[in-house]
Every structure is written in structure tokens, then in C-alpha cells.
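The values are calculated or read from the model by the stated rules, or taken from the named source; none is laboratory data. Please read these numbers as outputs of a predicted model, since none were measured by experiment. All Cβ positions, even for glycine, are placed from backbone atoms using ideal geometry, and neighbour counts span all protein chains on display.
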Amino acid sequence: MITTFFENTQRLVDEAARIAAIRADILARLQKPDHVWEFEIPVAMDDGSEKKFLAWRVQHNNALGPYKGGIRFHPDSNLDEVKALASLMTWKTSLMGLPYGGAKGAVAVNPRALSLRELEELSRGYVRQIAAYIGPDKDIPAPDVGTNAQTMEWMTDEYSKIMGSPMPAAFTGKPVEKGGSKGREEATGFGGYVVLREYLKQKPFASALHEITVAIQGFGNVGQHIAMFLFRHRLKIIAVSDSKGGLCEPDGIDIARLIDVKEKTGIIDRAKCYALSPHEMTCRDCTNANLLTLQADILIPAALENQITQENAPDIKAKVILEMANGPVTPEADAILISKGVDIIPDILANGGGVVGSYFEWVQSRENNYWEKDRVLAAIEEKMIAAFRAVAETKETHHVSWRDAAYARALDRVARGMK
């Protein structure tokens, strides 16, 4: 039976509620979002026509503080996905110990198909639709798939115009020169690196650090930054891919060179080889699909949800999966992988650095006091280590998977906030 992303998320919540002994009445409230808005955004296109784009904002739970969650622009976005992602944000902010709840937004659009002017009009139009429901103490949006600091600059400006005064704390993920935070861009990737580092301290591999092999699916902001942190700390990145293709190099990829080229060209140039070895003769193409089943110690899905399924899970060879994307492993695949002895470090822990970075940007914007990057990253590191240790403790106490331990810990904190 095919299940939806939201249904998959609810199954995780149900199991975590059993582990954490959550009351039935509280669980019932946690199984549905507080508010759902669906609307259309009219945009005057460059060719003179008008086009309407379907959009959503879902606020899941605010027991611990204002709703918090990104806005994605993606052609396949739908309400089920947004509800699932809003729920994930509730558990993620809880697990990270932040004074936030969970929310998410999306527009069903391919941002690459729009001009810069059309994107700006769409972004401002989105804010006009939800302005009454957001704000620094209500709901604080941020970037997600298909949006970036420029999007947040437009949205912050539009919201400030509507409110009649500057409102820098209403959005996070802004450009640094427009009230954003240093270190926010690399926050998600850095947080994932910290979690993996702490995991390897607990369960070290037999091989030396520089012999541990890593494959990364997704080479956008998150994939690039975690790749760079791992590369700097001498792990061997043997494969990377994005929606247009990728590279596999058994001797290891020079991530610094690859990122430099992608920043200049916008693509992973598969006509070249970025091997660390002097021969550069062993590189070969790989796709998002076949990267998942490569012989690698650590697999990092950093693209979209539902990438590892019951169909390809039996072919996964990695010993550890670090979920830098949201919901990349389906429940059916999860069961198969656990039966094979694979450790899956779940998304709400692995990619929590992004919302932690957003929290510190929000703090800085409210105080009008901006920090240096080292201070931001040190603060993120402290939060990530605390979250990892809490999950590890719950896992040991209840003899459950990393995922169930993370969700149980997160649900317990939210439930206590609702009593």
C-alpha cells in the first residue's frame, strides 16, 4: 500500500508516543496541524499574461513558542508534503531545545522557469497572503528548497511595508548585509558534520578517518557545505550527485575544486574529473539513483524526501545513513535497513543545524546585536552536541533505533509544553 509523506510522519509519531508514554488526548492534538492555509498568488508574467500559483502555509504546533519553518518553491509541492514538513519542524525545534514550534510553507512553482522580476513578485505576493498570520512572535519563515537569502530579503521588505516599520526578526535566512547572520548559510551542513563527528566518537570505524568513504546525494547548499566540512576533516568523499547528474571517484573527490566549478557554472561538470589522485582516470558518471547503492561507509541523502524506498533499500551498502534531507527514507525502507544493521541518524537530528542557526539569527535581529561567525558556529555546535547526547541516552535507555529515540525525545518535550 502506497502511503503519503504525512502518513509516514504520523507513523513515526505514533511509535514515539508509545515509547515516551504520551497521553492519548495529547497525541490526538499532535496528529493534526493547528492551521492550514491554501491560496493562489497572481503574478504578472514578463510576456504580459497573468499566472496564478498554488501556495500553502501550515502551522503545526506552537506549544513551545512561535511557529518556525521554511518556505519552499518546488513544482511538485503539495499540501500533504507541507503538512508533513510542518510536523517535522515541530519535532526538530523541540529536539534542538529551541523556544519554537513547527510550520512550513510552499509554492508549487519551478523557480528556475521564472525571471528575477517574476520571482520577486511571487515572493512578495506570498507574504501579502500570509502577513496576518506571521511575525517575530507568531510564525517566523525561512528559506527552504528553491528559495534563498534573496527570497527572504524580498519577503522581509514586503512584510515590513505591510507592518509600517522595519521587521528584521520576522524572517530568518536573510543576507548578512540585510540583517542576516554570519554562519547561517553553512549552519545545516555544519550541524550535520557535528552530529556525524559525535556519532563516530561513540561508534568508531575500524578504518582510519581518511579511509572512511562517503557518498552524498544532493549538492545544493546543504550537500556542498557538509561535503566541505567532511573534506576538511579528511573523510573521503567518493561520490556526489544532484538533479542533473554526478561523479563517482573511488580515490576521493577534491570537494574544494568541485564546489568552485559548480559556483561558476551552476552544474557538476561531468566532463572533468576532480580526483584527489594524480591519475584522474577513474572518475565515472553517477546519478541520484545509483549513488545510493554505491559501496560507501556513510551515505548522506541531502536532496528530497522518499529517496530510499523498499525497492532500493536491499541494495544499500552503507553502514550509516545521515539524513540531511527531510524524510529521505520511507518507513518500509527504514525497517529493511535496520534489519541489516544500518544506523540511520534521522533528519530531525542530522539537519537541525539549520533551524538552530535561524534561532540565533532571530535572537540577533531582535537585539540588533550581530555576532561573528565563530561565535555563531560555536553556539550551533553546543546545541547539536546536546541534542545528539540526549538522543543517544534515550536510545540506550529504551533500546530503540536512533529515529525512534529522537522522536520520543522531541515528543516528550512538546507534550510537557501542552499539559
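Scan the range 48-75 for residues that are under 19 Å from residue 118 (Cα atoms) and of a type outside the set (Lys, Arg) and report the count. So that I can check it myself, show each step before the final result.
Of all residues in the range 48-75, those under 19 Å from residue 118 (Cα atoms) come to 48-56, 71-75.
Restricting the remaining residues to those that are of a type outside the set (Lys, Arg) gives 48-50, 53-56, 71, 73-75.
Within the range 48-75, residues that are under 19 Å from residue 118 (Cα atoms) and of a type outside the set (Lys, Arg) number 11.
Looking only at the range 31-53, decide whether some residue is surrounded by 16 or more Cβ atoms within 10 Å (Cβ to Cβ), farther than 26 Å from residue 150 by Cα and either free of Cβ contacts under 8 Å to residues at least 40 places away in the same chain or in contact with a Cys (Cβ under 8 Å, 6 or more places away or on another chain) (or both).
yes
Does residue 159 meet the test of being surrounded by fewer than 24 Cβ atoms within 10 Å (Cβ to Cβ), closer than 21 Å to residue 370 by Cβ and either outside the structural domain of residue 131 (by TED's automatic domain parsing) or more than 24 Å from the chain's Cα centre (by Cα) (or both)?
Details: surrounded by fewer than 24 Cβ atoms within 10 Å (Cβ to Cβ): yes; closer than 21 Å to residue 370 by Cβ: yes; either outside the structural domain of residue 131 (by TED's automatic domain parsing) or more than 24 Å from the chain's Cα centre (by Cα) (or both): yes.
Against the criterion (surrounded by fewer than 24 Cβ atoms within 10 Å (Cβ to Cβ), closer than 21 Å to residue 370 by Cβ and either outside the structural domain of residue 131 (by TED's automatic domain parsing) or more than 24 Å from the chain's Cα centre (by Cα) (or both)), residue 159 qualifies.
Residues checked against (1) closer than 24 Å to residue 342 by Cβ; (2) at pLDDT below 90; (3) surrounded by 24 or more Cβ atoms within 10 Å (Cβ to Cβ):
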{"position": "175", "(1), (2), (3)": "no, no, no"}
{"position": "182", "(1), (2), (3)": "no, no, no"}
{"position": "199", "(1), (2), (3)": "yes, no, no"}
{"position": "209", "(1), (2), (3)": "yes, yes, no"}
{"position": "215", "(1), (2), (3)": "yes, no, yes"}
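Which of the residues spanning the range 291-317 are crowded, with 16+ Cβ neighbours inside 10 Å and farther than 21 Å from residue 8 by Cβ?
Result: 291, 293, 294, 296, 297, 298.
For the range 381-393, give me the residue count where each residue is surrounded by fewer than 21 Cβ atoms within 10 Å (Cβ to Cβ) and either in the same structural domain as residue 192 (by TED's automatic domain parsing) or in contact (Cβ under 8 Å) with a residue 60 or more places away in the chain (or both). Give the steps one after another, and end with the answer.
Initially, the range 381-393 is screened for residues surrounded by fewer than 21 Cβ atoms within 10 Å (Cβ to Cβ), giving 381-382, 385-386, 389-390, 392-393.
Now restrict to residues that are either in the same structural domain as residue 192 (by TED's automatic domain parsing) or in contact (Cβ under 8 Å) with a residue 60 or more places away in the chain (or both): 381, 385-386, 389-390, 392.
Qualifying residue count for the region: 6.
Suppose the filter is touching a residue at least 24 places away in the same chain (Cβ under 8 Å) and either surrounded by fewer than 21 Cβ atoms within 10 Å (Cβ to Cβ) or in contact with a Phe, Trp or Tyr (Cβ under 6 Å, 6 or more places away or on another chain) (or both); does residue 225 pass it? Walk me through how you get there before you give the answer.
Numbers: touching a residue at least 24 places away in the same chain (Cβ under 8 Å): yes; either surrounded by fewer than 21 Cβ atoms within 10 Å (Cβ to Cβ) or in contact with a Phe, Trp or Tyr (Cβ under 6 Å, 6 or more places away or on another chain) (or both): no.
Spelling it out, it is not the case that residue 225 is touching a residue at least 24 places away in the same chain (Cβ under 8 Å) and either surrounded by fewer than 21 Cβ atoms within 10 Å (Cβ to Cβ) or in contact with a Phe, Trp or Tyr (Cβ under 6 Å, 6 or more places away or on another chain) (or both).
Could you identify the single residue in 17, 63, 84, 21 that is among the aliphatic types (A, V, I, L, M) and at positive phi?
Details: 17 fails: at positive phi; 63 fails: at positive phi; 84 fails: at positive phi.
None of the other options fit; the residue is 21.
Sort out which residues of the range 394-404 are in contact (Cβ under 8 Å) with a residue 24 or more places away in the chain and of a type outside the set (Val, Ile, Thr), and write them in order of number.
398, 401, 402, 403, 404 - these are the residues of the range 394-404 that are in contact (Cβ under 8 Å) with a residue 24 or more places away in the chain and of a type outside the set (Val, Ile, Thr).
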